[in-house]
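Undergrad: The structure under discussion is supplied below as structure tokens; questions concerning it will follow.
Any read-out appearing in this document is the output of simple, stated calculations on the displayed coordinates, not a laboratory observation. Computed from a predicted structure; not experimentally measured. Here the Cβ positions follow ideal geometry from the backbone for every residue, glycine too, while neighbour counts run over all protein chains shown.
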Amino acid sequence: MAEASLAPGSRARSSITDSPMWSTLSRVFKYTATRMIALFATVVVGVYLTILIANMGGYVDEIKRGQIREQVSIAIGLDPSSRTLTAAQRNQLVESIVRTEEERLGLDRPFILRSFGSLRDALTLNLGRTNYLTSDSGSKQVRLVILERLPPTLVLFATANIFLFFFSIFAALSLSRRYGSTADRMVIALAPTSAAPGWFYGIFLLLFFAAFLGWLPFGGMVSAPPPADPSQYALSVLRHLILPVSAIVLSAIFLTIYNWRTFFLIYSSEDYVEMAKAKGLPASTIERRYILRPTLPTIITNFALLLIGLWTGAIILETIFNWPGLGRLLYQAIGLFDTPIIVGSTVIYAYLLALTVFLLDFTYALVDPRVKVGGGARS
């Protein structure tokens, strides 16, 4: 009787909500909402900590106040009309101008209140203007300054890291097939050389190939003055890329190959791989289907994080090679306490990283049938 009393529309809605498709959509929606909230909260915390650190907890405000007072005092001292003023009148004039300038820059408000305003502007990508640095066109817009330095960093680190990524994977696959060979033992022996950073190797490469032999330029992205012919310009850029790319590759190549080689060896010893070998499947099929396919989530994760890492550049390496990228820009911004540049670069990187982590969860479900969104891994 109870079932008979249900309206047809109610039974239809009940069947829809109980269907597997509805259950899957509901699970994916809940997971997506929860994941987005968690990632956004992480971005908020990271950006706010960057604001606090870049401003040294408000100490940068004291530096700015001191600079304002010094500049105003010098300007008034050089003004002929101020020489007729008494010392008290001159001090009063200085205080009035300093107070006006501090109000214009917002320094009259407590730092903790302004930090939340800076957080709001950063999260909405209202990056504002720089304090000192400018773009080549003379603009002080943080967005333009960062975008101007982005292409050199992408050229350098995309060339080095993409080559490093794919070469190390193919070399590691080759070594996993020849476990215990001379090349395998050589890679293991040379892996500790990656403990030194890229800039360390860069110094020696500059000393040998630029200073001693004179074969390659000391730094920069292109010769000065830049060649007018596009082909000559490209050759000049390639010539300037050799040393910094070599430094990055030397600092990571052996350890990266060793890590991937160990990773592939672990998967090569699985029972299903031994069964495939017992069935007489070709080695290429076993590698493609039983070794590379299960490791796709890890490979995709490493590649995605590598692409995001291109945004940051390398502060010391770009400074040593005088490379006009984001790393050198951050070095200059830190030295000048140009906090808008530091915060702007950080918030863009935070958003890119959060978006990458969010999309990776769905990518895992596409490449690995054992994974379902919002439900962990199926056995």
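Undergrad: Whole-Hz Karplus ³J(HN,Hα) for the stretch 185-201, in order, using 6.51 cos²θ - 1.76 cosθ + 1.60 and θ = phi - 60°, x for Gly and Pro?
TA: My calculation for the stretch 185-201 gives 5, 5, 5, 4, 5, 8, 4, x, 5, 6, 5, 7, x, x, 5, 5, 5 Hz in order.
Undergrad: Now for a different question. For LYS279, list the aspartates and glutamates whose Cα falls under 17 Å from its own Cα; do not include residues on the same chain fewer than 8 positions away.
TA: Qualifying aspartates and glutamates at Cα under 17 Å: GLU270, ASP271, GLU287.
Undergrad: Let me ask another. Listed highest first by mean packing, meaning other Cβ atoms within 10 Å per residue, what order do 88-94, 314-320 come in?
TA: Going by the mean number of other Cβ atoms within 10 Å, highest first, we get 314-320, 88-94.
Undergrad: Fewest Cβ neighbours within 10 Å first, please rank SER96, SER194, SER231 accordingly.
TA: By the 10 Å Cβ count, ascending, the order reads SER231, SER96, SER194.
Undergrad: Which aspartates and glutamates have a Cα lying under 19 Å from the Cα of LYS140, excluding residues fewer than 8 positions away in the same chain?
TA: By straight Cα distance, LYS140 reaches GLU101, ASP121, GLU148, ASP338.
Undergrad: In what sequence, highest mean first, do 325-334, 147-156 appear when ranked by Cβ atoms within 10 angstrom?
TA: 325-334, 147-156
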